[in-house]
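Reviewing the structure listed below.
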Amino acid sequence: MNARHFLSMMDYQPEELVRLIRRGVELKELRNRSVLYEPLKSRVLGMVFEKSSTRTRVSFEAGMIQLGGQAIFLSPRDTQLGRGEPIGDAARVLSSMLDVVMIRTFAHSNLLEFAANSRVPVINGLSDDLHPCQLLADMQTFLEHRGSIKGKTVAWIGDGNNMCNSYIEAAIQFDFQLRVACPAGYEPNAEFLALAGERVTVVRDPREAVAGAHLVSTDVWTSMGQEEETAKRIAQFRPFQVTRELLDLAAEDVLFMHCLPAHRGEEISVDLLDDPRAVAWDQAENRLHAQKALLEFLVAPSCQPE
């Protein structure tokens with residue numbers, strides 16, 4: 001089974017990732033000019049959701065339709081996975097009927113097992129370890145607003161979660177410096193830190209992380225599956241709220257990103273998304289176009305220009 005998958009930013013060469021985000025910009029321009037472009041006619045995307053999401057479902061489903069294909073939504077109630085079917089068995093069956101599969105799940109090992117048994121490309125729509133599709137959208141957004149991110153400084157404020165892990169991978173692949181500000185005990189995965197080496201620095205003071213940064217990003221303090229920790233996390237993360245005043249310590253042309261949904265008054269101040277430096281709405285839209293570039297690359301690579 002030789003299908004090309006997208007489970008991690010590290011699955012691709014840096015030049016391939018740059019080509020993907022530039023292609024996302026091109027596909028966005030085609031959409032904005034109402035140009036009909038359908039390279040994936042008669043192709044079908046299967047979307048397996050163990051974790052719910054507004055942006056992931058709509059962006060993948062709309063993207064596949066805009067490229068001329070179709071998408072099938074599968075919740076835990078719609079598959080035998082929810083009743084204990086082995087993941088490998090499900091992969092063999094689904095990949096015999098579909099052209100590409102997107103999975104949004106909890107354990108990253110589920111993705112690895114599914115991909116190992118799939119004859120078609122598998123895309124990580126989110127796992128507890130990584131969220132690489134969001135990073136494609138974030139990198140496209142920075143490119144559109146500021147050009148290449150190579151050599152820039154990025155600050156991640158908050159939990160060392162799957163988004164933070166993917167930012168670490170992006171720092172390696174797109175060649176930027178990353179400062180992570182988080183409370184003790186909430187550091188990103190040590191495996192990812194070791195891979196990044198001196199490219200990533202972990203600090204405790206968000207002001208130190210943000211100083212001179214060209215991009216500042218954050219995420220919710222309590223992710224899905226951590227609801228019982230909410231009160232404890234709010235207390236520990238309160239000093240890590242991103243505010244307009246914190247952004248003022250960054251570079252003059254700083255951009256602020258949030259993968260959404262945002263909890264105003266928690267990880268961000270209530271008015272931060274109204275700040276002209278905030279580009280969260282562009283990020284959300286770019287999930288659609290970055291993922292269209294990915295789908296095109298995986299399903300119809302001959303259609304993507306060099």
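Here are the numbers:
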| quantity | calculated |
| --- | --- |
| Residue in segment 279-296 that is more than 18 Å from the chain's Cα centre (by Cα), outside any helix (DSSP H, G or I) and surrounded by 12 or more Cβ atoms within 10 Å (Cβ to Cβ) present | no |
| Scan of segment 182-213 for residues that are touching a Ser or Thr at 6+ places or on another chain (Cβ under 9 Å) and free of Cβ contacts under 8 Å to residues at least 12 places away in the same chain, ordered by number | none |
| Unmet criterion (only one of (1) open to solvent by less than 70 Å² (accessible area, probe 1.4 Å); (2) within 24 Å of the chain's Cα centre (by Cα)) for Ala90 | (2) |
| Residue within segment 255-273 that is in a helix (DSSP H, G or I) and either at pLDDT 95 or above or touching a His at 6+ places or on another chain (Cβ under 6 Å) (or both) present | yes |
| Hits in segment 180-209 - residues which are closer than 22 Å to Arg233 by Cα and either of a type in the set (Gly, Ala, Ser) or under 18 Å from the mean Cα position of the chain (by Cα) (or both) | Val180, Ala181, Ala184, Gly185, Pro188, Asn189, Ala190, Ala209 |
| Failed item, numbered, when Met102 is tested on (1) modelled with pLDDT under 95; (2) within 24 Å of Cys164 (Cβ to Cβ) | (1) |
| Any hit, segment 234-247, residues being part of a helix (DSSP H, G or I) and among the polar types (S, T, N, Q) | yes |
| Residue in segment 54-77 that is basic (Lys, Arg), in contact (Cβ under 8 Å) with a residue 24 or more places away in the chain, in contact with a Lys or Arg (Cβ under 6 Å, 6 or more places away or on another chain) and outside any helix (DSSP H, G or I) present | no |
| Matching residues in segment 154-192 - criterion: being among the aliphatic types (A, V, I, L, M) and either in contact with a strand residue (DSSP E or B) (Cβ under 6 Å, 6 or more places away or on another chain) or closer than 20 Å to Glu267 by Cβ (or both) | Val154, Ala155, Ile157, Met163, Ile168, Ala170, Ala171, Leu178, Val180, Ala181, Ala184 |
| Matching residues in segment 124-145 - criterion: being closer than 18 Å to Gln173 by Cα and of a type in the set (A, V, I, L, M) | Leu130, Leu135, Leu136, Ala137, Met139, Leu143 |
| Failed item in (1) in contact with a Phe, Trp or Tyr (Cβ under 6 Å, 6 or more places away or on another chain); (2) within 23 Å of Gly125 (Cβ to Cβ); (3) among the small types (Gly, Ala, Ser), with Ala278 passing the rest | (2) |
| Qualifying residue in segment 36-51 (condition: within 12 Å of Gln291 (Cα to Cα) and either small (Gly, Ala, Ser) or in a helix (DSSP H, G or I) (or both)) | no |
| Members of segment 121-167 that are β-branched (Val, Ile, Thr) and either buried (at least 24 other Cβ atoms within 10 Å of the Cβ) or modelled with pLDDT under 95 (or both) | Val122, Thr141, Val154, Ile157 |
| Out of Glu144, Glu169, sole residue that is out of contact with any Gly (no Cβ under 8 Å at 6 or more places or on another chain) and farther than 30 Å from Gln226 by Cα | Glu144 |
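The values are calculated or read from the model by the stated rules, or taken from the named source; none is laboratory data. Predicted model, so just to flag it, every value in this text is computed and none were measured. So basically every Cβ, Gly included, is an ideal-geometry build from the backbone, and we count neighbours across all protein chains shown. Heads up: the accessible areas ignore ligands, DNA and RNA and are worked out on the full protein's heavy atoms, side chains in. Shrake-Rupley method; radii C 1.70, N 1.55, O 1.52, S 1.80 Å.
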